[in-house]
Amino acid sequence: MSDVTANGRETPATFASPAYHSSDAARRHLKRRYAAEARFRAFGIAAIVFSGLALIVLLWSIVSQGYTAFQQTHIKIEVEFSPDNIAPAGTVERQRLMGGDYRAVLFDALDRKWSDVTDRDGQRLLEGLFGSGAEVQLRDMVVADPSLIGRKQAVWLLAHSDVDMYVKGHVGADERSGGRLTDRQIAWISDLKKSASLSVLFHPRFLTGADSRDPEMVGVLGGVVGSIFTLAICFVLAFPLGIMAAVYLEEYAPKNWFTEIVEVNINNLAAVPSIVFGLLGLAVFIGFFGMPRSTPLVGGFVLALMSLPTVIIAARAAIKAVPPSIREGALGIGASKMQMIFHHVIPLAMPGILTGTIITMAHALGETAPLLMIGMVAFITDVPGGALDAATVLPVQIFMWADNPERGFVEKTSAAIMVLLAFMLVMNGTAIWLRKKFERRW
């Protein structure tokens, strides 16, 4: 292809000449460009599909292993609440009822149900069908209803974690498949199933209890309440400090070398590994100020230090997004600069500030390393009642359970992750709702 000039001479067609766009070279070039566009779209779709599949596999792995933790195997057995083992009939004093010999109550019930088992090994194996939670369950029943003393009643008691794992199919019958039950115990379990005395029931203690050494007795409420206290303190500290720092840097700070150093350091602090803030909290709050270890108060302080740079960055971005005409209009009708900031800029920037802050809180909720440094890895068996009580948080509890060799803790760990994800979804949903509620368009 060539162009014809005014003097009749032919010259080769160039990319800028009209003749080039209808040439074979132009069509080949266009074809290569379309192919490149198609490959680029395919790479994007592949990235999305890969991310979606990875998320599906992750969620499937967690849910498939954890959903059974909300149920627990129970064994039905007739129990006699003998006054000789607990307290005289009519006793309502709580301390007296709490001190009863409920282990003897359970043993008497086992002797009556399996009266043919008289050897010591057999009795030990029978006892192994029930976890320590069975005695606690009997104690709680008597404390809640002292009129049970002297009566005989059929109750569903918690089975041992090994029995629970076998009944749910997580382990097999022999040691090669992870099982730890003997042939006699498996035979008793089979008999209980045939007589409808063994069932997998909803296990509310997992949602209402605290930590325990036994998998069948653990609960997530202690970690959830500890996380709420810790995040509340983190929010109370980081939110106002972050907003005030952002307002000063955006509205008042002069543009000089000192301000630039402050801005650069804020950006750098947002990228510092979280364990560094844990070391800082250990040295300052516990080592220097002598604050108590393992408390949500110190945990909140540490997470606030970690979250503050991110909150400042999010607040600055939201304030900067407010159009200058809003500021000029407010100043033009006689408002002072402080009135302009608090009456116009901050309300309009609040959706972005709240969204950034809540997402930062959700990120802080999943942090484990800084809280390990200040002792929140302690074994706490009670639900904390305040910010100064010893407590742990949900991510640390998951870390502790994942490190436990008991097979029963595997499903508890996965279920606790499900609770943590639900917690984060609620926080992210709150951020979306706040953004929609306070969003202003101009």
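The values are calculated or read from the model by the stated rules, or taken from the named source; none is laboratory data. Here the structure is a predicted model, which is why all the values come from computation and not from measurement. As a convention, Cβ positions derive from the backbone with ideal geometry for all residues, glycine included, and neighbour counts pool all protein chains shown. Heads up: the accessible areas ignore ligands, DNA and RNA and are worked out on the full protein's heavy atoms, side chains in. Shrake-Rupley method; radii C 1.70, N 1.55, O 1.52, S 1.80 Å.
Of the residues making up the range 208-227, those that are part of a helix (DSSP H, G or I) and closer than 26 Å to V298 by Cβ are L221, G222, G223, V224, V225, G226, S227. Restricting attention to the range 387-400, which residues are β-branched (V, I, T) and open to solvent by 10 Å² or more (accessible area, probe 1.4 Å)? Residue satisfying the conditions is I398 alone.
Going through the range 359-377 one residue at a time, which ones are under 20 Å from I319 (Cα atoms), aliphatic (A, V, I, L, M) and open to solvent by less than 20 Å² (accessible area, probe 1.4 Å)? First the steps, then the outcome.
Start the filter on the range 359-377 by keeping residues that are under 20 Å from I319 (Cα atoms), which leaves 359-361.
Right, trim to aliphatic (A, V, I, L, M) and you get 359, 361.
Hit for the range 359-377 is M361, nothing else.
Yes/no per residue for (1) open to solvent by 60 Å² or more (accessible area, probe 1.4 Å); (2) without any contact (Cβ under 8 Å) to a residue 12 or more places away in the chain:
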| position | (1), (2) |
| --- | --- |
| T381 | yes, no |
| G385 | yes, yes |
| A402 | yes, yes |
| A416 | no, no |
| M427 | no, no |
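When residues in the range 372-401 are screened for being at pLDDT 85 or above and closer than 12 Å to G223 by Cβ, 13 of them pass. Taking the listed residues V302, V345, V311, the one that is in contact (Cβ under 8 Å) with a residue 60 or more places away in the chain and closer than 17 Å to A387 by Cβ is V302, with no other qualifying. In this structure, is S61 more than 30 Å from M165 (Cα to Cα) and either modelled with pLDDT under 85 or assigned to a helix (DSSP H, G or I) (or both)? Against the criterion (more than 30 Å from M165 (Cα to Cα) and either modelled with pLDDT under 85 or assigned to a helix (DSSP H, G or I) (or both)), S61 does not qualify.
Name the residues in the range 130-153 that are of a type outside the set (S, T, Y), more than 13 Å from L198 (Cβ to Cβ) and out of contact with any Phe, Trp or Tyr (no Cβ under 9 Å at 6 or more places or on another chain), would you?
Within the range 130-153, the first condition is being of a type outside the set (S, T, Y), and the residues that meet it are 130-131, 133-146, 148-153.
Checking which are more than 13 Å from L198 (Cβ to Cβ) leaves us with 131, 133-146, 148-153.
Those that are of a type outside the set (S, T, Y), more than 13 Å from L198 (Cβ to Cβ) and out of contact with any Phe, Trp or Tyr (no Cβ under 9 Å at 6 or more places or on another chain): G131, G133, D140, V143, A144, D145, P146.
For the range 360-375, filtering for residues that are in contact with a helix residue (DSSP H, G or I) (Cβ under 7 Å, 6 or more places away or on another chain), closer than 21 Å to A422 by Cβ and not polar (S, T, N, Q) leaves 7. Between I275, I261, the distinction of being modelled with pLDDT of 90 or more and either crowded, with 17+ Cβ neighbours inside 10 Å or not hydroxyl-bearing (S, T, Y) (or both) belongs to I261 only.
Residues are listed down the side, and each one gets a yes or a no for (1) buried (at least 19 other Cβ atoms within 10 Å of the Cβ); (2) in contact (Cβ under 8 Å) with a residue 60 or more places away in the chain; (3) of a type outside the set (F, W, Y):
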| site | (1), (2), (3) |
| --- | --- |
| E80 | no, yes, yes |
| N85 | no, no, yes |
| M98 | no, no, yes |
| A104 | no, no, yes |
| F107 | no, no, no |
| R112 | no, no, yes |
| D121 | no, no, yes |
| E127 | no, no, yes |
| S132 | no, yes, yes |
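Residues in the range 119-130 include none that are touching a helix residue (DSSP H, G or I) at 6+ places or on another chain (Cβ under 7 Å), at pLDDT below 85, among the aliphatic types (A, V, I, L, M) and over 23 Å from K412 (Cβ atoms). Once the range 176-207 is narrowed to residues that are assigned to a loop (DSSP other than H, G, I, E, B) and aliphatic (A, V, I, L, M), the residue that is farthest from the chain's Cα centre (by Cα) is A196.
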